[in-house]
Structure formats: structure tokens, C-alpha cells
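Structure first, then comments.
The values are calculated or read from the model by the stated rules, or taken from the named source; none is laboratory data. The model shown is predicted, which means the values in this text are computed figures rather than measured ones. Heads up, the Cβs are rebuilt from the backbone with ideal geometry, glycines too, and the neighbour counts pull from every protein chain shown. These area figures cover heavy atoms from the full protein model, side chains too; ligands, DNA and RNA do not enter into them. Shrake-Rupley method; radii C 1.70, N 1.55, O 1.52, S 1.80 Å.
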Amino acid sequence: MTHPTDDTMPLVALRNIHKSFGDLEVLKGVELTVNRGEVVSLIGPSGSGKTTLLRLINCLEMPTAGEVWIDGKRIDAVEKNGRIVPAKEKELRAHRVETGMVFQQYNLFPHMTAMENLIYAPRIVRGVSKDQATAEARTLLTRIGLAERAEHYPNELSGGQQQRVAVARALAMKPKVILFDEVTSALDPEMVGEVLEVLGELAETGMTMVLVTHEMQFASEVSDRVIFMDQGAVVEEGPPSQIFDAPLQERTQHFLRRLHVRR
Amino acid sequence: MNSTLGDQMLSILSAATGTLQLVFWSLVISTIIGALLTPVAVRKNIWVRLPIMVYSWIGRALPPLTLLIGFYFGFIYAGIRLPGMTAAIIAFVFLNAAYTVEIFRAGYLAVPKGQFEGVKALGLPPWRAQLGIIAPQVLRVSTPALITNATTVLKDSALASVIGVMEMTAQTQRIVQSAPGHAIILYSYLAVLYIVLCSGLFILQHYLEKRLKVHRRPQALRRKP
Ligand SMILES: Nc1ncnc2c1ncn2[C@@H]1O[C@H](COP(=O)(O)OP(=O)(O)O)[C@@H](O)[C@H]1O
Ligand SMILES: [Mg+2]
């Protein structure tokens with residue numbers, strides 16, 4: 001089930017995704033495509049299914065119905081002897097290596113220094129040598145402005161610094177796309193800026209990014225496309241100028257008005 | 001017995017090797033067994049972990065003395081004549097592994113959910129994730145409780161004299177019975193020996209906590225220094 005890869009094909013394609021937890025249907029037929037180098041922001045009220053959608057991209061959740069395609073390859077299911085069967089955990093794992101994720105709570109490994117956090121998975125999963133992993137980690141730490149904190153443990157770093165290390169840890173795996181789930185929501189206000197700055201610089205490098213965020217100002221600055229979700233469905237999507245300045249849908253207008261977004 | 005006080009103390013000290021042997025092997029084996037049972041004990045499926053829950057429940061419910069006598073005579077009834085020391089180690093392993101698996105289970109459940117998601121999102125193979133990321137965090141929260149347990153085993157080891165194990169309490173009793181003259185001194189000496197051995201465990205705890213960075217709480221939102 002692979003098509004020849006070409007650069008015009010979307011990197012991420014979710015097709016008619018339905019997702020239920022028990023009786024609760026949280027995604028009701030969602031389509032999502034993300035092109036190479038594109039920065040897409042998901043916005044919408046709490047409980048609208050943004051996190052669930054994001055977690056479907058790297059198969060931390062599996063769809064109840066629908067298809068997940070990454071880089072021209074179906075991920076959630078594979079063809080075996082002419083039949084389509086759910087992918088095995090091992091196949092999903094190989095796929096997760098290509099889709100980095102950064103969480104709201106950082107989830108750094110507390111018993112490892114920043115440097116160890118960065119080199120652990122590349123060495124095991126990618127088979128990179130210790131010297132090479134260390135050199136690459138140093139470059140990344142320099143990029144996020146934390147080179148001199150390499151030997152510090154997570155609890156010796158501020159929330160903003162921890163989250164920057166978490167971004168670097170995802171980058172160290174050299175993923176094709178990185179998913180960000182409200183990565184500034186757990187931070188003290190004065191630390192939000194430093195993390196957004198790192199994300200903004202990353203967007204400029206041409207990294208493919210999908211962000212769930214409540215930082216509307218930031219979303220409007222870095223996104224190529226903004227998707228507004230409500231009650232498990234995509235209500236409206238378009239360039240930030242459309243979504244933030246001239247939303248077509250009543251529900252989008254209502255949501256943004258409630259957030260007091262004035263630009 | 002016409003020995004001097006010095007000789008008597010020396011013979012109690014040599015019986016301490018019996019205590020040490022019993023405690024050391026009981027702790028090492030029960031920690032290994034407890035660790036091996038933990039992955040099953042934390043499974044969601046109740047039927048998979050039920051045998052371990054039942055074992056842990058029984059192991060913690062029975063008094064150590066009952067277990068010592070039970071194992072010793074149980075083996076004799078089964079036609080196996082074990083040295084008292086071996087039977088005592090088996091009894092203490094049975095007892096302490098039941099506590100150990102409970103401690104590890106609680107430690108595992110205390111690992112934040114985000115850690116499991118973190119290793120998953122990085123595509124780490126499960127056993128590398130468990131050993132390299134999860135286990136150190138389990139060990140880290142479990143250390144204080146494990147050491148508390150170890151001190152209990154050390155003190156309960158005196159009970160092993162009922163099945164003929166030569167350890168320091170039994171030896172002291174034997175000397176005092178035949179020559180009561182130095183009873184106070186010898187029992188005080190015995191007390192000091194227990195305190196010294198226990199201190200050894202506390203030093204081990206201190207060392208482990210430093211090595212495992214017990215005080216490094218995950219995700220402490222500390223301000224910029
Ligand atoms: N693992 C789960 N089990 C049950 N319900 C869940 C689970 N994850 C999310 N939900 C529910 O799905 C809905 C959407 O959640 P979520 O995707 O987190 O929304 P958002 O990120 O937009 O706030 C919510 O009602 C939430 O309670
Ligand atoms: Mg969410």
C-alpha cells in the first residue's frame with residue numbers, strides 16, 4: 001500500500017477519521033492533510049478533539065474508522081495476503097520514530113541530564129554512535145540556547161528550559177514532522193515567549209509542524225494554515241488571515257470573540 | 001563454660017556471620033524475585049496478576065515465625081531435610097518478596113503517565129524503555145521502603161534460632177544460659193551489633209539515594225536559578 005513518494009504528495013493525510021472512546025464519539029469524520037514544510041495550527045474549544053487528532057497522527061491513538069497516511073504510506077493498517085489488517089505495535093513504533101511529539105508536560109526523563117535525554121533514543125532507535133549523538137545533541141542545545149545546561153537534570157531547569165529541551169529531544173530523532181500539543185500551557189507566563197521563539201525558529205527552517213495551541217497571536221504569525229475544530233469536526237480551515245480576520249463560520253467567529261482576539 | 005568475657009563476645013561476633021548470611025541472601029533473592037514479578041503485578045488484566053496478588057497477600061499476612069516453622073517442618077514432611085539456614089532463607093524470601101513486589105508495584109504506579117507516553121512517542125522498544133527509563137524511576141521511589149523492609153528482615157532473623165540457625169541472638173542466649181554472669185554486658189553488646197548492622201543498611205540507603213537521585217522529583221516547576 002505505498003505510492004511512489006513525490007514531493008507534492010501530502011506528508012500527513014488523515015482520511016475520514018472517526019474516533020470513539022466507548023460510547024463517546026470524539027472525532028466525527030475528520031479530514032486532515034499537511035504538506036511538506038507546512039505549519040498547521042489546530043485551534044478550538046477544550047474537548048473539541050484537538051489532542052486526539054494530533055495523537056492519531058503518530059498512532060498514540062488508533063482510529064475507530066478511517067485511514068492514517070504518512071509520507072505516502074498507510075500507517076494504521078497494512079496489507080497482508082490481500083487483506084487489510086491493523087498494524088502491529090512494532091510497525092507503529094517504526095512509524096513513531098518519524099513523527100516527533102512534544103507534550104504539554106514536557107515528559108523529560110527525570111533521572112537523565114539534558115544531554116542524556118537527547119542522546120538516549122537516537123542511540124537505541126536510530127543506532128547512532130555515542131560520539132555522533134553527543135555532537136548532534138550539542139548542536140541542538142546550542143540552537144535552543146541551552147548549551148551550558150547540557151549536564152543539568154530536568155528539575156534543575158526552569159519550565160521553559162525543560163520544554164525547550166523536550167523540543168530538542170524530539171528534533172534529535174530527525175522526524176519528518178513534529179506534533180506539539182499545547183506546549184506552552186503548563187508554563188508560567190514569562191516563560192511562554194522563550195518556547196514560542198524556539199518554535200518560530202523551527203518553523204523558519206522548513207520543518208513540518210502541527211500545533212495545537214491557544215496562543216492565537218503566535219498561531220497567526222507562524223502558521224501557513226489554521227484549522228478550527230469544534231465538537232469533533234473541522235468547522236473551518238484556511239490561512240490565518242481568513243480564520244482570524246474574516247472567519248466565514250458563525251462558530252469560528254463565536255469562539256474567537258470569546259477569546260477576545262483583537263488584532 | 002569457663003570462657004572470659006572477651007571469648008564470649010568473640011563467639012557472638014562470629015555468630016553474626018550467620019545473621020549476615022541469612023539477611024544478605026534473603027534480601028538479594030527476594031529483591032530479584034520481587035523485581036521479576038513486578039511486570040506481571042502491574043498488568044491491567046486482573047486474571048493475569050491475580051496469582052501474584054494472592055501470593056503477596058498470604059506472604060504479608062503470615063507471621064515470620066509461622067513461616068520459619070512451616071517451611072522447616074514442611075520440607076521434613078515432604079521428605080527433604082534442609083539445613084536450618086536454607087529453610088530460613090526460603091522462609092524469609094517468601095515473606096520479603098511478597099512485600100517487595102508490593103513496593104515495586106506501588107513505585108511503578110507512581111511513575112507519571114507522561115513518561116510512558118514519552119518513551120512511546122520516541123519509538124523506544126518496550127523492554128529498553130522499561131529497563132532504561134521506567135525501572136530507574138521505580139527503583140528511585142522504592143528505595144526508602146525497601147530499606148525499611150530490609151531492617152525488618154534483619155531484626156526478624158533472630159527468630160531463625162527456633163529452627164536451629166546459629167545467629168547472634170541465639171548464640172547470646174546460649175552463652176548467658178550457661179554462664180549468666182555477664183548477661184547485661186552481653187545483651188548490650190548484642191544490641192550494639194544490631195545497631196551497627198542496621199546502620200550498614202542506612203548507609204546503603206544513603207548511597208542508593210545519591211546514586212539514583214531520589215530527590216530529583218520529576219517535573220518540578222522550579223524557577224530559573
Ligand atoms: N483516553 C480517553 N478516554 C476517554 N475519553 C477521552 C480520552 N481522551 C480524550 N477523551 C475525551 O475526548 C474528548 C476530546 O478530548 P481532546 O482530544 O483531549 O480534546 P481537546 O484537546 O480539544 O481539548 C473529550 O471529551 C475527552 O474527555
Ligand atoms: Mg488537548
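Okay, here's what the table says:
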quantity: Shape call, region B:1-146: gyration tensor on alpha carbons, a/c limit 1.5; calculated: prolate
quantity: Sites A:ALA246 and A:GLN217 - FRET efficiency at Förster radius 22 Å, r taken between beta-carbons, to 0.05; calculated: 0.80
quantity: Anchor A:LYS19: lysines whose Cα lies under 16 Å away (excluding residues fewer than 8 positions away in-chain); calculated: A:LYS28, A:LYS50
quantity: Helix-only CD estimate at 222 nm, as mean residue ellipticity for chain B, using -39500 (n - 2.57) per DSSP H run (n ≥ 4); calculated: -25500 deg cm²/dmol
quantity: Karplus (6.51, -1.76, 1.60) ³J(HN,Hα), θ = phi - 60°, over region B:53-60, in Hz, Gly and Pro reported as x; calculated: 4, 5, 4, 5, 5, 5, x, 8
quantity: Exposure ranking of B:PHE71, B:PHE202, A:PHE103, A:PHE21 by accessible area [1.4 Å probe, largest first]; calculated: B:PHE202, A:PHE21, B:PHE71, A:PHE103
quantity: C-alpha center-to-center spacing [region A:118-163, region B:110-164] in angstrom; calculated: 27
quantity: R0 of 45 Å, Cβ-Cβ distance B:PHE24-A:GLU151: FRET efficiency to nearest 0.05; calculated: 0.80
quantity: Neighbourhood net charge (14 Å Cβ-Cβ; Lys/Arg +1, Asp/Glu -1) for B:MET168; calculated: 0
quantity: Inter-chain shielding of B:110-118 (mean C-beta neighbours from other protein chains, 10 Å cut-off); calculated: 4
quantity: Highest-MSF residue in chain B out of B:GLU117, B:GLU167, B:GLU102 [GNM, Cα springs under 10 Å]; calculated: B:GLU117
quantity: Cα shape, region B:71-225, gyration tensor, a/c 1.5 rule; calculated: oblate
quantity: Shielding by partners, peptide A:110-117 (average Cβ within 10 angstrom, other chains); calculated: 4
quantity: Helix-only [θ]222 nm of chain A, DSSP H runs n ≥ 4, -39500 (n - 2.57) each, per residue, nearest 500; calculated: -9500 deg cm²/dmol
quantity: Proximal charge balance of B:ARG60 [Cβ under 15 Å; K/R count +1, D/E count -1]; calculated: -1
